[in-house]
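The values are calculated or read from the model by the stated rules, or taken from the named source; none is laboratory data. On a predicted model such as this, the values are computed, not experimentally measured, just so you know. Backbone-built Cβ (ideal geometry, glycine too); neighbour counts: all protein chains shown.
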Amino acid sequence: MDRGRLTPVGWAALLLGALIMVAPIVWTLLLSLKHNGELVGHSGAALHGPYTLENYAAIFGNSSTLRWLLNSAIVALGTTAGVLVLASLASYGFARLEFPLRRTLFVIVLLGLAVPSQAVILPQHQLFAWLHLHNSYPGLILPGLIAPFSVFFMTTYMRGIPRELDEAAMLDGASRFTVFWKVILPLTAPAQSTLAVFTFLGSWNDYWWPLISATHSDMYTLTVGLAAAQMNYAQTSGLGYLMAQAVFASLPIFVVYIAFQKQIVRAMAGTAVR
Amino acid sequence: MNGARDWRGLLFVAPFMLLYALILVFPLFRGLWLSLNRVDLFGDGRFVGAANYVRLANDPIFSTALLNTFKVTLMIVPVLTVLALLLALALNNAGRGAALLRGIFFSSAVLSVTIVTLIWRFVLAPDAGLLGEAWKAAGWQPLAFLSDPHLVLPALAITTIWWSLGLPMLLFLAGLQQIPHDMYEAAALDNASRWTTFRRITVPALRRTIVLVVMLQTAAQLQLFGQSQLLTAGGPSGASRTAVLFLFETAFGRWELGYASAAAEMLFLLILAVTLAQYWATGRGREASGAR
């Protein structure tokens, strides 16, 4: 595991790398704290004071950024809840029950792992237009609910739970659903939290589908809203304000990241040794 | 209870499977059908057979976009893999500071593409960017990364490497933890040099992780879209237009849905080939490493 301690040169390279990783983020933070006028034609002003919070105050005076934040929260939380419910139900079926076509259906789900989202985006767009679901929360949430990975991941986890537990409960007269609800589901809590964190991050950061589905600015999520803001940067001006929006939009995700770092790292480790 | 044929099982999988059929399986076949038709904004269009694919093969804009995609993938994947591996090796030996540094190196990976391009736009811009300011401070002429056709793909590659480093780093770290300690002890007894130990023990043990990282990243970068769309809109004059941006412009700019579907199918085949190559390579890797 450890092949001797890191040499001074190794440490220097590592710290330089860390500096390169954080420098763009610190730069963004500094820009966001400057008066817009001061930055015109001279962004180097960001390296020294005076600093101000006026750009952040402006965000709270501007309803559209807050609206996008609300949309992102609704879509990300809705997607996460939906994925947990659908994946848990389906995985219990695949992991524990014997029914016609079980293997075939499971293979069909696994094959979905190989389908990149751009391969189906055009027909999905057509389908949602037929169903009049564009520019709506269901329209933004539904495509996120069918991730094959969620079923694959949860089924694998449930197969690892000893069958004796279900059998004991069944002998006590519990129904299939009671076994699922009272016995299996509580035991999958670690897997549920990992899947939840991943689904939330993925949904919060998704750009591709909301870009296509949400065309009215009051249905934008933060990713699409900030994309529009940076494309119109020339008209709106205000570099400091733009950067404050970027910082504001990434705060929730950093909070989730810091709070759930363990789950993220553990899930990554799981992918590697699979 | 075991083995009893039971229709109730279908009730558990039905909610997921019905949505899956509607939103993934149906569009998959529908896309294939669309690619054989001339379709515009609304309506079903008419069947044109392979005409869209023939047009695609003769479209210089598509071939340039495909070439750009290959170029940027080739710029990103080797650098990203080597950097992530070196980083994981260093962090694995860094002792107490490792957790904090790991957190720093992974932090960019939790950002959305919109935030990443917003940050890098003002790192790369010659007039208002961090690099531009640094260049000027050193007395040099700032480089116009995003408007020079020779610099734009490397600029997108650098942005992407900064964004994507976290995941491969974590995968390599996890792979390193799996290597049995006694293998290194045996090497130390033989007075093996660090380089020999790395080449003879670490790299072979990480073979599967390396294949996984290379294939995952190749598949991801072949779909590079947001960086190009947001930072340069594919410019200057198409020098940074990627295949997915081509698809996006064709479908949602010009509404040529049949033609765009044909491009989507070609890209799908390409990514499928990479995915299959990964299964093949990791499968073989498992056989090659025998008992492990």
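Here B:ALA128, B:ALA144 are screened, and the one residue that is at the interface with chain A (Cβ under 7 Å from one of its Cβ atoms), at pLDDT below 90 and either over 19 Å from B:THR69 (Cβ atoms) or not in a helix (DSSP H, G or I) (or both) is B:ALA128.
Of these, A:SER72, A:SER91, A:SER64, which one is in contact with a Leu (Cβ under 6 Å, 6 or more places away or on another chain), assigned to a helix (DSSP H, G or I) and more than 8 Å from chain B (Cβ to nearest Cβ)? Before you say what the answer is, go through the steps one by one.
On the way: A:SER91 fails: in contact with a Leu (Cβ under 6 Å, 6 or more places away or on another chain); A:SER64 fails: in contact with a Leu (Cβ under 6 Å, 6 or more places away or on another chain).
Being in contact with a Leu (Cβ under 6 Å, 6 or more places away or on another chain), assigned to a helix (DSSP H, G or I) and more than 8 Å from chain B (Cβ to nearest Cβ) holds for just one of A:SER72, A:SER91, A:SER64, which is A:SER72.
For first residues located in the range A:254-274 and at positive phi, partners that are at pLDDT 75 or above and lie 6+ apart or on another chain with Cβ distances below 9 Å do not occur.
B:ALA155 falls short on exactly one of the conditions (1) at the interface with another protein chain (Cβ under 9 Å from one of its Cβ atoms); (2) assigned to a helix (DSSP H, G or I); (3) surrounded by 19 or more Cβ atoms within 10 Å (Cβ to Cβ), and that condition is (1). Just one of (1) within 10 Å of another protein chain (Cβ to nearest Cβ); (2) exposed (fewer than 15 other Cβ atoms within 10 Å of the Cβ); (3) not in a helix (DSSP H, G or I) fails for A:LEU19. It is (3). Does B:ARG199 count as at the interface with chain A (Cβ under 10 Å from one of its Cβ atoms) and basic (Lys, Arg)? Here the answer is no, as B:ARG199 does not meet what is asked. Of all the criteria given as (1) assigned to a loop (DSSP other than H, G, I, E, B); (2) modelled with pLDDT of 90 or more; (3) touching a helix residue (DSSP H, G or I) at 6+ places or on another chain (Cβ under 8 Å), the one not satisfied by A:ALA174 is (2). Counting just the residues of the range B:119-128 that are over 27 Å from B:THR64 (Cβ atoms) and surrounded by 18 or more Cβ atoms within 10 Å (Cβ to Cβ), which one comes out nearest to the chain's Cα centre (by Cα)? So, considering only residues that are over 27 Å from B:THR64 (Cβ atoms) and surrounded by 18 or more Cβ atoms within 10 Å (Cβ to Cβ), the one nearest to the chain's Cα centre (by Cα) is B:ILE119. In the range A:148-169, is there at least one residue being surrounded by fewer than 22 Cβ atoms within 10 Å (Cβ to Cβ), closer than 19 Å to A:THR80 by Cα, at the interface with chain B (Cβ under 9 Å from one of its Cβ atoms) and not basic (Lys, Arg)? Yes. Does B:LEU231 qualify as being touching a Leu at 6+ places or on another chain (Cβ under 7 Å) and not acidic (Asp, Glu)? Yes; evaluated as a whole, the condition is true for this residue.
Any chance the range B:190-203 includes a residue that's free of Cβ contacts under 8 Å to residues at least 12 places away in the same chain and hydroxyl-bearing (Ser, Thr, Tyr)? Within the range B:190-203, one or more residues are free of Cβ contacts under 8 Å to residues at least 12 places away in the same chain and hydroxyl-bearing (Ser, Thr, Tyr). Looking across the range A:26-52, the residues that are at the interface with chain B (Cβ under 10 Å from one of its Cβ atoms) and buried (at least 20 other Cβ atoms within 10 Å of the Cβ) come down to A:TRP27, A:THR28, A:LEU31, A:LEU39, A:SER43, A:ALA46.
With respect to B:ARG30, determine if the residue is surrounded by 15 or more Cβ atoms within 10 Å (Cβ to Cβ) and either within 12 Å of chain A (Cβ to nearest Cβ) or free of Cβ contacts under 8 Å to residues at least 24 places away in the same chain (or both).
Criteria met by B:ARG30.
The C-beta contact set for the range A:118-129 (first residue within 7 Å of chain B (Cβ to nearest Cβ) and free of Cβ contacts under 8 Å to residues at least 40 places away in the same chain, second residue of a type in the set (Lys, Arg) and in a helix (DSSP H, G or I), distance under 7 angstrom, 6+ apart or interchain) comprises A:PRO123/B:ARG30. Every test in (1) more than 7 Å from every other protein chain (Cβ to nearest Cβ); (2) over 30 Å from A:GLN118 (Cα atoms); (3) modelled with pLDDT of 90 or more is passed by B:LEU36 save one, and that test is (2).
Mind checking which residues of the range B:202-212 are more than 9 Å from chain A (Cβ to nearest Cβ) and in a helix (DSSP H, G or I)?
Let us first name the residues in the range B:202-212 that are more than 9 Å from chain A (Cβ to nearest Cβ), namely B:203-207, B:210-211.
Within the range B:202-212, B:VAL203, B:PRO204, B:ALA205, B:ARG207, B:ILE210, B:VAL211 meet the criteria.
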